[in-house]
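Below is one structure, written out as structure tokens, with a few remarks after it.
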Amino acid sequence: MKVAGPAKQELHPPRILVVEDDPESRQMMGALLSFWGYEPRLVAAGPAALEAAEQEIPEIVLLDLGLPDMDGFEVARCLRRLPGGDRLFIAALTAYRGEEYRRKAWAAGFDRYLEKPVDTDILHQLLSQISQVGYSNPEAPD
């Protein structure tokens with residue numbers, strides 16, 4: 001797997017919340033984001049994600065859809081209702097494939113849908129873009 005180098009150093013790197021129930025995937029994503037210069041907060045479930053976001057609203061959420069207790073769709077809807085939730089960038093990182101899941105993701109408030117295994121170059125470019133200039137969603141349906 002080819003991995004891009006660290007992100008350009010920013011005065012304030014965006015706060016990133018990673019929500020992934022698989023411990024190995026969660027740790028790998030955390031290590032990758034740290035290598036790129038981010039300081040991600042890692043949680044394993046939806047309720048923990050909401051608690052973390054209430055303590056300090058992240059700017060970016062990388063959210064698995066297949067979580068125990070509360071799926072990623074519900075987590076995204078809840079995150080959007082938090083103060084500042086309308087300014088979050090929420091990306092699905094999921095093994096779920098198919099147009100039905102994409103439509104559900106858009107309806108739940110996701111900004112981007114990335115299938116696992118995630119292309120690290122695409123993820124790095126996306127995070128760099130958000131870090132430097134903000135984000136507009138060219139993939140969102142009309």
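The values are calculated or read from the model by the stated rules, or taken from the named source; none is laboratory data. Values in this document were obtained by computation on a predicted structure and should not be read as measured data. Because the Cβ atoms are built from the backbone with ideal geometry, glycine has one as well, and the counts that use them run over all protein chains shown.
Summary table below
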item	result
Condition met for residue 21 (buried (at least 16 other Cβ atoms within 10 Å of the Cβ), closer than 18 Å to residue 120 by Cα, of a type in the set (Asp, Glu) and touching an Asp or Glu at 6+ places or on another chain (Cβ under 7 Å))	no
Scan of the range 26-39 for residues that are among the hydrophobic types (A, V, I, L, M, F, W, C) and either assigned to a loop (DSSP other than H, G, I, E, B) or under 12 Å from the mean Cα position of the chain (by Cα) (or both), ordered by number	29, 33, 36
Flag if residue 110 is closer than 15 Å to residue 130 by Cβ, of a type outside the set (A, V, I, L, M) and touching an Asp or Glu at 6+ places or on another chain (Cβ under 9 Å)	no
Helices (runs of 4 or more DSSP H) (entirely within the range 40-142) containing at least 2 residues that are buried (at least 17 other Cβ atoms within 10 Å of the Cβ) and touching a helix residue (DSSP H, G or I) at 6+ places or on another chain (Cβ under 7 Å)	46-55, 72-81, 99-108
Meets criteria (more than 14 Å from the chain's Cα centre (by Cα) and touching a residue at least 12 places away in the same chain (Cβ under 8 Å)) for residue 81	no
Condition check for residue 13: of a type outside the set (A, V, I, L, M, F, W, C), at pLDDT below 95 and crowded, with 16+ Cβ neighbours inside 10 Å	yes
